[in-house]
């Protein structure tokens, strides 16, 4: 096949969505398919075109940023040219230009796979809510023009008002997740280097934005310490999110509990990230909303149980594997109770890596995408 993938951010940008797209694109390329990614040149030092791990990347220079999105005037001409060159198109959304892609593809007799990474949920405020309404409307038009829609779990789809009208088009495919084996010696050395060898560690990772619910984790700290004074909270991720100043809103709690919080920054090295998971005794995922956060599966594959909120989609890994505990969302006391429970009885929540990898498997996910895309050619 000749597959065209379209999304706002791609390698070397790194979020759960981009990691998902990179793994699928490279997985298809390894199987001999020709994969092109059309994306934004979000940083001026990125090449306008390059091949990375057998995937051709075409980057368009943006004119301006609107919240999380980038406006690229050259997009219509570029996507028209590339649609003509390819057999099938895959959209990784949210993507403002998605209805244009489906319309052009339809005109040229090409089919589109719309891969939904979750309903767009913006913070409060007139500007943010306007963006959410407009982009959701645009993507709804794209859903109408797409041949199939892939989503990470049936649980999320059944609770999504955005997807509900299109259930006959839905395909459920777990994310393509990949993490190396952690190095126990390196993880232990890292603990010592940070001066945490005598502490119990709660890890958390991801963009520091409202939907991830890290404010509830910060609020849970006194309730955890009341029961377990030797607990520290270790964060891997970027606190400087350009489109949302959520960290600044809660900086006062970070300062208040600074003796119990360690900020490691964004970790891009895969082996180091695996060692981070292994270094932690439990991984916390207090999301308000989350389609399918891959970090919790990565933690499980590294031997670390998870405490996650009981929300559609986000609860699937714990439900499927039993490697952790689910707690009421947006409730810091319930979160603290779950963390203390898993820390106190950690051994009973740990499952073998092979058991997790059987369910959440990179090649299995690529298999399913390959067959779905082939069915559209």
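The values are calculated or read from the model by the stated rules, or taken from the named source; none is laboratory data. These numbers were taken from a predicted model, which means no experiment stands behind them. So basically every Cβ, Gly included, is an ideal-geometry build from the backbone, and we count neighbours across all protein chains shown.
Exactly one of these conditions fails for residue 157: (1) crowded, with 19+ Cβ neighbours inside 10 Å; (2) in contact (Cβ under 8 Å) with a residue 40 or more places away in the chain. Give me its number.
(2)
Regarding the range 313-334, can at least one residue be identified that is without any contact (Cβ under 8 Å) to a residue 12 or more places away in the chain and either closer than 22 Å to residue 228 by Cβ or surrounded by 18 or more Cβ atoms within 10 Å (Cβ to Cβ) (or both)?
yes
Can you work out which of the residues in the range 154-174 that are at pLDDT 95 or above and in a loop (DSSP other than H, G, I, E, B) is nearest to residue 321 (Cα to Cα)?
Per the stated criteria, the residue is 174.
Return a yes/no flag: does the range 94-114 have any residue that is exposed (fewer than 14 other Cβ atoms within 10 Å of the Cβ) and either closer than 18 Å to residue 373 by Cβ or within 23 Å of the chain's Cα centre (by Cα) (or both).
Within the range 94-114 (the criterion being exposed (fewer than 14 other Cβ atoms within 10 Å of the Cβ) and either closer than 18 Å to residue 373 by Cβ or within 23 Å of the chain's Cα centre (by Cα) (or both)), the answer is yes, since at least one residue qualifies.
Which one is farthest from residue 98 (Cα to Cα), of the residues in the range 1-22 that are surrounded by fewer than 19 Cβ atoms within 10 Å (Cβ to Cβ) and at pLDDT 95 or above?
1
Anything in the range 1-28 that is part of a helix (DSSP H, G or I) and within 25 Å of residue 299 (Cβ to Cβ)? List them, or say none.
Of everything in the range 1-28, those that are part of a helix (DSSP H, G or I) and within 25 Å of residue 299 (Cβ to Cβ) turn out to be 16, 17, 18, 19, 20, 21, 22, 23, 24, 25, 26, 27.
Those residues that are outside any helix (DSSP H, G or I) and out of contact with any strand residue (DSSP E or B) (no Cβ under 9 Å at 6 or more places or on another chain), I need them from the range 208-220; list them, please.
Hit for the range 208-220 is 209, nothing else.
Quick check on this structure: which one of 317, 312 is more than 30 Å from residue 4 (Cβ to Cβ), out of contact with any strand residue (DSSP E or B) (no Cβ under 6 Å at 6 or more places or on another chain), assigned by TED's automatic domain parsing to the domain that holds residue 216 and not in a helix (DSSP H, G or I)?
Selected residue: 312, the only one of 317, 312 that is more than 30 Å from residue 4 (Cβ to Cβ), out of contact with any strand residue (DSSP E or B) (no Cβ under 6 Å at 6 or more places or on another chain), assigned by TED's automatic domain parsing to the domain that holds residue 216 and not in a helix (DSSP H, G or I).
Within the range 255-294, how many residues turn out to be modelled with pLDDT under 95, closer than 26 Å to residue 222 by Cα and outside any loop (DSSP other than H, G, I, E, B)?
Count: 1.
Kindly indicate whether residue 216 is under 30 Å from residue 253 (Cβ atoms), surrounded by 19 or more Cβ atoms within 10 Å (Cβ to Cβ) and free of Cβ contacts under 8 Å to residues at least 60 places away in the same chain.
No.
Do you know which of the residues in the range 184-207 that are in contact with a helix residue (DSSP H, G or I) (Cβ under 6 Å, 6 or more places away or on another chain) and in a loop (DSSP other than H, G, I, E, B) is nearest to residue 305 (Cα to Cα)?
Among residues in the range 184-207 that are in contact with a helix residue (DSSP H, G or I) (Cβ under 6 Å, 6 or more places away or on another chain) and in a loop (DSSP other than H, G, I, E, B), the one nearest to residue 305 (Cα to Cα) is 206.
Go through the range 57-81 residue by residue and tally those that are in a helix (DSSP H, G or I) and buried (at least 21 other Cβ atoms within 10 Å of the Cβ).
1
Exactly one of these conditions fails for residue 219: (1) within 24 Å of residue 246 (Cβ to Cβ); (2) assigned by TED's automatic domain parsing to the domain that holds residue 13. Give me its number.
(2)
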